[in-house]
Amino acid sequence: MTDTNAVDALVQALKRLPGVGVKSAQRMAFHLLQHDRPGAQLLAQALLHASTQVRHCERCHTFTEQAVCVSCLDPRRDHSQLCVVETPADQAAMERTGAYKGLYFVLMGKLSPLDGVGPHDLGLKKLFERACDGLVQEVILATNFTAEGEATAYVIAEGLKARGLKPTRLARGVPVGSELEYVDLGTIAHALVDRR
């Protein structure tokens, strides 16, 4: 055990990461301080830069350093398709498949009444405005196949149908209970092709 407040503060900070407990946080902190001081500095600078410079895209809500992200500004993308995902990690997984060339809307979460997350918290009004812009012909619901993801997809689908749009949903090739960012790329690509 150390008697240094700085080390304890570093361990506590690392514990904030998902899946990182006390032992893992201590291991990381001790490694950085003992074996990789330049890496620790690089990590600190990258975190500081990202936390001060990264914001949400005005159009799709993903992370970007500009007002509008690169995907939204890309004229080669299909503006008639809008894919709704829960997180930027899910968006990155879709991009890695190479099967989707349209635009995105990133919810930055999912409906979760137990956690107090409702439709207003996900910015569904902004999503519906974007989907009804006259350019979008298809809204692909690519929320995760968890109970919350399914509920989110259902609420969005009903809202889109009430506005005269017919949404599609990723096919069931993605295993039920999985999170998109952890599904293999071939499965995501097939699910996208076979969407209903």
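The values are calculated or read from the model by the stated rules, or taken from the named source; none is laboratory data. If you're wondering where the values come from, they're calculated on a predicted model, not measured in any experiment. FYI the Cβ positions are ideal-geometry reconstructions off the backbone, even for glycines, and counts take in every protein chain you see. Surface areas here come from the heavy atoms of the whole protein model, side chains and all, with no ligands, DNA or RNA. Shrake-Rupley method; radii C 1.70, N 1.55, O 1.52, S 1.80 Å.
Scan segment 107-118 and give yes if some residue there is within 15 Å of Ala157 (Cα to Cα), open to solvent by 10 Å² or more (accessible area, probe 1.4 Å) and in contact (Cβ under 8 Å) with a residue 12 or more places away in the chain, otherwise no. The answer is yes; a qualifying residue exists.
Count of segment 151-165 residues, restricted to those that are surrounded by 15 or more Cβ atoms within 10 Å (Cβ to Cβ), farther than 16 Å from Gly118 by Cβ and out of contact with any helix residue (DSSP H, G or I) (no Cβ under 9 Å at 6 or more places or on another chain), is 1. Within segment 89-106, the set of residues being buried (at least 21 other Cβ atoms within 10 Å of the Cβ) and among the hydrophobic types (A, V, I, L, M, F, W, C) comprises Met94, Leu103, Phe105, Val106.
Close Cβ contacts (under 7 Å, 6 or more residues apart or on different chains) running from residues in segment 18-47 that are more than 18 Å from Asp8 (Cβ to Cβ) to residues that are surrounded by 11 or more Cβ atoms within 10 Å (Cβ to Cβ) comprise Gly39/Leu32.
Every residue, every condition in (1) loosely packed, with under 14 Cβ neighbours inside 10 Å; (2) assigned to a helix (DSSP H, G or I); (3) in contact with a Ser or Thr (Cβ under 8 Å, 6 or more places away or on another chain), yes or no:
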{"position": "Cys60", "(1), (2), (3)": "no, no, yes"}
{"position": "Val68", "(1), (2), (3)": "yes, no, no"}
{"position": "Arg76", "(1), (2), (3)": "yes, no, no"}
{"position": "His79", "(1), (2), (3)": "no, no, no"}
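Listed by position, the helices (runs of 4 or more DSSP H) contained in segment 1-55 that have at least 2 residues being closer than 30 Å to Val70 by Cβ and open to solvent by 100 Å² or more (accessible area, probe 1.4 Å) are 37-53.
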